[in-house]
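These notes are about the structure you will find just below.
Just so you know, all these numbers are worked out from the coordinates, no wet-lab data involved. Since we're looking at a predicted model, the values are computed, not measured.
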Amino acid sequence: MSAIGDPSLWRDQVVTAYDVVHAGVMEVWPSCRANIDTVSTVAQTKDATRLKKSARRRLEDPITRNLVRHLRLVPALRGRFHIVSQYELIAGDLTQDPDPVGYVDVGILFSVGLDEVCLFIECKRLNVNGASLAAAYVSEGMMRFVTGKYSPDLPVAAMIGYVMDGQVPKAWDSVIKQIRRNRAALCCVESSISSVAPGQFSTSHARTPVDIELRHQLLSAL
């Protein structure tokens, strides 16, 4: 989504929106976590076309959809934000192809003055059957923001990692190692990794036309 005006003028509002949404995520996550087995089982019983998708997507998407519908019921978010699952990205330029360039897992739409702003959240599973999946978290998640495929004009976005075996510190270590290993490709700025709390940190990335800060939250699925 293209935003009107200078993103730096409303960066604080976007950060504030993230803080409110993050509080909502932490509030509803225990209920979402309790339903992970249920939504995963339902996802695996869909028709043959759906079953052709990778197991990763079949299991990941239902968890995110369930998170979205729980967030829509949070009093602090209702009426203030429009929360969308699988937000479709299409070019605003009428001369370009109208087909979507991608789908962000969660879109949080709200208004800042006359501008419509969207805080995007990409969600990835971690620690699955002995595999960390931290490399995919970076290459198929963070990189989409760094390259500008997602949130090209926005200064803040977010990542959520579903830690399927519950070992959040282990997942945190794997993700941080992958970020440091791919520091150049991720266009990390100096002191780009800032730890906030266990499983919660932020990273900063230089890019054109506007730098972006990614807020990360790793959540135990157990």
Problem - Estimated vicinal HN-Hα couplings, Hz - the range 68-78 in sequence order (Karplus 6.51, -1.76, 1.60; Gly, Pro = x) - result: 4, 5, 5, 4, 5, 9, 6, x, 5, 9, 5
Problem - Stokes-Einstein D in µm²/s, Kirkwood radius over Cα pairs - the range 99-222 at 10 °C with 1.306 mPa s viscosity - result: 107 µm²/s
